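Below you'll find the structure, written out as structure tokens, and then a few comments.
The values are calculated or read from the model by the stated rules, or taken from the named source; none is laboratory data. Predicted model, so just to flag it, every value in this text is computed and none were measured. Virtual Cβ from ideal backbone geometry, glycine too; neighbours counted across all protein chains shown. Quick note on the areas: whole protein, heavy atoms, side chains included, nothing else; ligands and nucleic acids left out. Shrake-Rupley method; radii C 1.70, N 1.55, O 1.52, S 1.80 Å.
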Amino acid sequence: MKVGIAGFSGSGKSTLFHWLTGVAPDPAAAQRGQIGIAKVPDERLDWLSAHFKPKKTTPATLEFLDTPGLLLDERRDNPRRLGILREGDGLLIILTGYSGGDLATELRRFREEILFADLEIVTNRVSRLEDQMKKPKPGKEREADQKELALLQRIVTAFEQGESPATLGLKDDEEKAIRSFQLLTLKPELVLVNIGDDRIGKPLPPEIVRSAPAALQAPAKLEMELEDLPEDDRQMFMQDLGLTGSSRDEVVRKIYYAMGQNVFFTVGEDECRAWPIPAGADAVEGAGKIHTDLAKRFVRAEVVSYEDFRRVGSMKEAKTHGVYRLEGKTYVVKDGDIMHIL
């Protein structure tokens, strides 16, 4: 899962990237984007590792893509800057919460930028299709072009009304038809307000909560500075600021789940591992995460939930207590399932 970190210049995107991944921003990569990896903390995996004492423990990860900040005044370059985000699977939108600016306006303007960038891509395709329709073509090709054109015209209308194509209730085949456009307005998003120490302990502004109910806030720069202090000084400053600890782990977890991801576990003496999987995915897709051969030759999955396993203490007891299950290809993997693929 690759998450694009996006926002206007000066919002602190690169600071957030450094805080989340531990990777220092590289000025040479500023215009092309920079990749960093963050491990997703999971107390369930920690417990399973302590229980099985494996040779290796592997958490789920998130890949973050730091991108050039958008420009407020000279906007002609913004579509190019946004284009880097299209390779991401989701958007982490950073708002400037330390300068006293209007956060709601900043978020509205960012969403307008991605809408206009998507509109440009779709209208360019509409123009090409309209030109193609003027030329003679076999019946099936013409019919396919007419179908695509009608779909794209619906999307253009939604954009012109300031709405995302997500409001159109697109069918599976329609979503597949526009997948190659990598529309930013269709990607899952999470808003993170980058605050200073003056905002610690204060709630998010109501207007942000209304437009982004899952929004988070974090003092990323402050927490990074605190990490560099000696332990005694760090605890003193944290106490003065009303901080009980770093919020980084919780922020990474919330980003992970906001991107529509779950995890399932495989366990044993060799390795305990958390596997990322899209929410709603079935057991065959889960098997494919482990190895493509397991998906191709899938017979069934042995499944027990983490909560049940922890309560009973072993696979043998899981069978005794009736919480061990055999599931087929259509089983929808639940977050926290422990699975063994046969």
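At a glance:
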read-out	value
Number of the condition not met by Arg253 [criteria: (1) in contact with a Pro (Cβ under 7 Å, 6 or more places away or on another chain); (2) modelled with pLDDT under 95]	(2)
Region 17-33, subset surrounded by fewer than 24 Cβ atoms within 10 Å (Cβ to Cβ) and within 24 Å of Gly260 (Cα to Cα), residue modelled with the lowest pLDDT	Gly33
Enumeration of residues in region 229-238 that are loosely packed, with under 13 Cβ neighbours inside 10 Å and closer than 21 Å to Asp198 by Cβ	Asp233, Met236
Filter result (open to solvent by less than 30 Å² (accessible area, probe 1.4 Å), assigned to a loop (DSSP other than H, G, I, E, B) and either closer than 18 Å to Asn262 by Cα or touching a helix residue (DSSP H, G or I) at 6+ places or on another chain (Cβ under 8 Å) (or both)) within region 42-63	Asp42, Ala60
Of all residues making up region 179-221, the number that are farther than 30 Å from Ser246 by Cβ, surrounded by fewer than 20 Cβ atoms within 10 Å (Cβ to Cβ) and either at pLDDT below 90 or touching a helix residue (DSSP H, G or I) at 6+ places or on another chain (Cβ under 7 Å) (or both)	3
Criterion: assigned to a strand (DSSP E or B) and either hydrophobic (A, V, I, L, M, F, W, C) or open to solvent by 30 Å² or more (accessible area, probe 1.4 Å) (or both) - qualifying residue of Ile94, Ile84	Ile94
Count of residues meeting criterion [free of Cβ contacts under 8 Å to residues at least 12 places away in the same chain and either over 19 Å from Val332 (Cα atoms) or in a loop (DSSP other than H, G, I, E, B) (or both)] in region 252-302	3
The listed residue being assigned to a helix (DSSP H, G or I), among the charged types (D, E, K, R) and buried (at least 16 other Cβ atoms within 10 Å of the Cβ), out of Glu113, Glu130, Glu143	Glu113
All positions within region 180-221 that are under 16 Å from the mean Cα position of the chain (by Cα), hydrophobic (A, V, I, L, M, F, W, C) and in a helix (DSSP H, G or I)	Leu184, Leu186
Matching residues, region 151-160, being open to solvent by less than 50 Å² (accessible area, probe 1.4 Å) and not aromatic (Phe, Trp, Tyr)	Leu151, Leu152, Ile155, Val156, Ala158
